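Got a structure here, written out as structure tokens. Questions coming.
The values are calculated or read from the model by the stated rules, or taken from the named source; none is laboratory data. The structure displayed is predicted, hence computed values, not measured ones. All Cβ positions, glycine included, derive from the backbone under ideal geometry; neighbour counts span all protein chains shown. In case anyone asks, the SASA skips ligands and DNA or RNA and just uses the protein heavy atoms, side chains included. Shrake-Rupley method; radii C 1.70, N 1.55, O 1.52, S 1.80 Å.
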Amino acid sequence: KAGVTQTPRYLIKTRGQQVTLSCSPISGHRSVSWYQQTPGQGLQFLFEYFSETQRNKGNFPGRFSGRQFSNSRSEMNVSTLELGDSALYLCASSLGPGQGFVETQYFGPGTRLLVL
Amino acid sequence: QQQVKQSPQSLIVQKGGISIINCAYENTAFDYFPWYQQFPGKGPALLIAIRPDVSEKKEGRFTISFNKSAKQFSLHIMDSQPGDSATYFCAALTGGGNKLTFGTGTQLKVEL
């Protein structure tokens, strides 16, 4: 079974631009979560989607948004990019609620975003 | 506000030795504590996890020790191998969602 796929793997943008990152979950997984990883702040939860609905949200400004499609694929968008948005953006997928106490999350390789 | 504190930041262990990484949490609502391993260029991968109703869980060379009253948990890697060299993250989760709160990470290097 193929793992979590994220595209693109690397991206360079300039301040003020916007960016869209894509995540394809493991086949059969219906929940997708996004995390930001930086050397200074570590791994931080952005948001989670299940059945095209946002189920959880982290403490990030409204410039960060996401959505999920009917095939469970997800996108996240960052508008008006700032230098501090440079990070590795990780996507994780899981089966979804009702599959046990905890949904094991499987991470993709990430998209490395550099904002100049 | 850092809800999961992890130490040490880096660790060097000789091959065959024991690697120990410690974490402490503040939020008593956390009820699931996983450890993740991350290699350069890869996303984190689940290594082992524990719920607070048990004090220890062992899987192969990896053991989690959990102290609910102290709100602390640790990862022990027995017989450490060079292939274990990676960054390790502890994390915590409350049931009913996927909002993982991560520790700051420990960069482990196992030397020959």
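Of these, A:Pro39, A:Pro8, which one is open to solvent by 30 Å² or more (accessible area, probe 1.4 Å) and within 14 Å of another protein chain (Cβ to nearest Cβ)?
Details: A:Pro8 fails: within 14 Å of another protein chain (Cβ to nearest Cβ).
Being open to solvent by 30 Å² or more (accessible area, probe 1.4 Å) and within 14 Å of another protein chain (Cβ to nearest Cβ) holds for just one of A:Pro39, A:Pro8, which is A:Pro39.
Restricting to segment A:70-106, give me the number of residues that are of a type in the set (A, V, I, L, M, F, W, C) and within 14 Å of A:Leu21 (Cβ to Cβ).
Initially, segment A:70-106 is screened for residues of a type in the set (A, V, I, L, M, F, W, C), giving A:76, A:78, A:81, A:83, A:87-88, A:90-92, A:95, A:101-102.
Checking which are within 14 Å of A:Leu21 (Cβ to Cβ) leaves us with A:76, A:78, A:81, A:87-88, A:90-92.
Total satisfying the criteria: 8.
Could you tell me how many of the residues in segment A:73-114 are more than 14 Å from every other protein chain (Cβ to nearest Cβ) and more than 24 Å from B:Gln38 (Cα to Cα)? Give the steps one after another, and end with the answer.
We begin by selecting, within segment A:73-114, every residue more than 14 Å from every other protein chain (Cβ to nearest Cβ); these are A:73, A:75-86, A:113-114.
This time we only want the ones that are more than 24 Å from B:Gln38 (Cα to Cα), so: A:77-83.
Residues in segment A:73-114 being more than 14 Å from every other protein chain (Cβ to nearest Cβ) and more than 24 Å from B:Gln38 (Cα to Cα): 7 in total.
Can you tell me which residue in segment A:15-32 is farthest from A:Glu82 (Cα to Cα), limited to those that are open to solvent by 70 Å² or more (accessible area, probe 1.4 Å) and in contact with a Leu (Cβ under 7 Å, 6 or more places away or on another chain)? Step through it out loud before you land on a result.
Here is the first cut: in segment A:15-32, the residues open to solvent by 70 Å² or more (accessible area, probe 1.4 Å) are A:15, A:17-18, A:27, A:30.
The next check asks that each one be in contact with a Leu (Cβ under 7 Å, 6 or more places away or on another chain); those that pass are A:15, A:17-18, A:30.
Values: A:Arg15: 5, A:Gln17: 9, A:Gln18: 10, A:Arg30: 31 Å.
Ranking the qualifying residues of segment A:15-32, first place goes to A:Arg30.
Can you name the condition, by its number, that A:Phe45 falls short on among (1) facing chain B (nearest Cβ under 10 Å); (2) open to solvent by 30 Å² or more (accessible area, probe 1.4 Å)?
(2)
Take the residues in segment A:60-116 that are within 17 Å of A:Thr14 (Cα to Cα) and of a type in the set (D, E, K, R), then tell me which one is farthest from the chain's Cα centre (by Cα).
A:Glu82
Which residue pairs have Cβ atoms under 7 Å apart, sit 6 or more places apart or on different chains, and have a first residue in segment A:73-91 that is among the small types (Gly, Ala, Ser) and a second that is outside any strand (DSSP E or B)?
Once the first residue is among the small types (Gly, Ala, Ser) and sits in segment A:73-91, its partners that are outside any strand (DSSP E or B) give A:Ser79/A:Gln18; A:Ser79/A:Arg63.
From the list A:Asn71, A:Asn77, exactly one residue is assigned to a loop (DSSP other than H, G, I, E, B), touching a strand residue (DSSP E or B) at 6+ places or on another chain (Cβ under 9 Å) and over 19 Å from B:Leu46 (Cβ atoms). Which is it? Let's see the steps before the verdict.
Values: A:Asn77 fails: assigned to a loop (DSSP other than H, G, I, E, B).
Checking each option against the conditions leaves just A:Asn71.
In this structure, is B:Phe33 away from chain A (no Cβ under 14 Å), open to solvent by less than 70 Å² (accessible area, probe 1.4 Å), in a strand (DSSP E or B) and on the phi < 0 side of the Ramachandran plot? Step through it out loud before you land on a result.
Numbers: away from chain A (no Cβ under 14 Å): no; open to solvent by less than 70 Å² (accessible area, probe 1.4 Å): yes; in a strand (DSSP E or B): yes; on the phi < 0 side of the Ramachandran plot: yes.
Spelling it out, it is not the case that B:Phe33 is away from chain A (no Cβ under 14 Å), open to solvent by less than 70 Å² (accessible area, probe 1.4 Å), in a strand (DSSP E or B) and on the phi < 0 side of the Ramachandran plot.
Here's a follow-up. When the residues of segment B:99-112 are narrowed to those that are open to solvent by less than 40 Å² (accessible area, probe 1.4 Å) and in contact with a helix residue (DSSP H, G or I) (Cβ under 9 Å, 6 or more places away or on another chain), which ends up farthest from the other protein chains (Cβ to nearest Cβ)? Spell out how you get there, then give the answer.
Going through segment B:99-112, the residues open to solvent by less than 40 Å² (accessible area, probe 1.4 Å) turn out to be B:100-103, B:105-106, B:108, B:110.
Retained after the next criterion (residues that are in contact with a helix residue (DSSP H, G or I) (Cβ under 9 Å, 6 or more places away or on another chain)): B:108, B:110.
Details: B:Leu108: 16, B:Val110: 22 Å.
Among those residues, the one meeting the criterion is B:Val110.
Which of the residues that make up segment A:56-72 are open to solvent by less than 70 Å² (accessible area, probe 1.4 Å) and without any contact (Cβ under 8 Å) to a residue 40 or more places away in the chain? Working first, answer last.
Residues of segment A:56-72 that are open to solvent by less than 70 Å² (accessible area, probe 1.4 Å), as a first pass: A:56, A:58, A:60-61, A:63-66, A:68-69, A:72.
Answer for segment A:56-72, where residues must be open to solvent by less than 70 Å² (accessible area, probe 1.4 Å) and without any contact (Cβ under 8 Å) to a residue 40 or more places away in the chain: A:Asn56, A:Gly58, A:Phe60, A:Pro61, A:Arg63, A:Phe64, A:Ser65, A:Gly66, A:Gln68, A:Phe69.
In this structure, is B:Ser80 outside any strand (DSSP E or B), more than 27 Å from A:Pro97 (Cβ to Cβ) and open to solvent by 20 Å² or more (accessible area, probe 1.4 Å)?
Values: outside any strand (DSSP E or B): yes; more than 27 Å from A:Pro97 (Cβ to Cβ): yes; open to solvent by 20 Å² or more (accessible area, probe 1.4 Å): no.
No, not satisfied.
Quick check on this structure: which one of B:Lys57, B:Lys5 is in contact (Cβ under 8 Å) with a residue 12 or more places away in the chain, farther than 18 Å from A:Ser94 by Cα, part of a strand (DSSP E or B) and open to solvent by 70 Å² or more (accessible area, probe 1.4 Å)?
Numbers: B:Lys57 fails: in contact (Cβ under 8 Å) with a residue 12 or more places away in the chain.
Only one candidate passes the filter, namely B:Lys5.
Please go through (1) over 22 Å from A:Pro39 (Cβ atoms); (2) hydroxyl-bearing (Ser, Thr, Tyr); (3) not in a strand (DSSP E or B) for B:Thr104 and return the number of the only condition it doesn't satisfy.
Just one mismatch for B:Thr104, condition (1).
So is B:Val13 of a type in the set (A, V, I, L, M, F, W, C), part of a strand (DSSP E or B) and touching a helix residue (DSSP H, G or I) at 6+ places or on another chain (Cβ under 6 Å) or not?
Details: of a type in the set (A, V, I, L, M, F, W, C): yes; part of a strand (DSSP E or B): yes; touching a helix residue (DSSP H, G or I) at 6+ places or on another chain (Cβ under 6 Å): no.
Answer is no for this residue.
For segment B:86-98: of the residues being within 7 Å of another protein chain (Cβ to nearest Cβ) and surrounded by fewer than 18 Cβ atoms within 10 Å (Cβ to Cβ), which is nearest to A:Gln37 (Cα to Cα)?
B:Gly97
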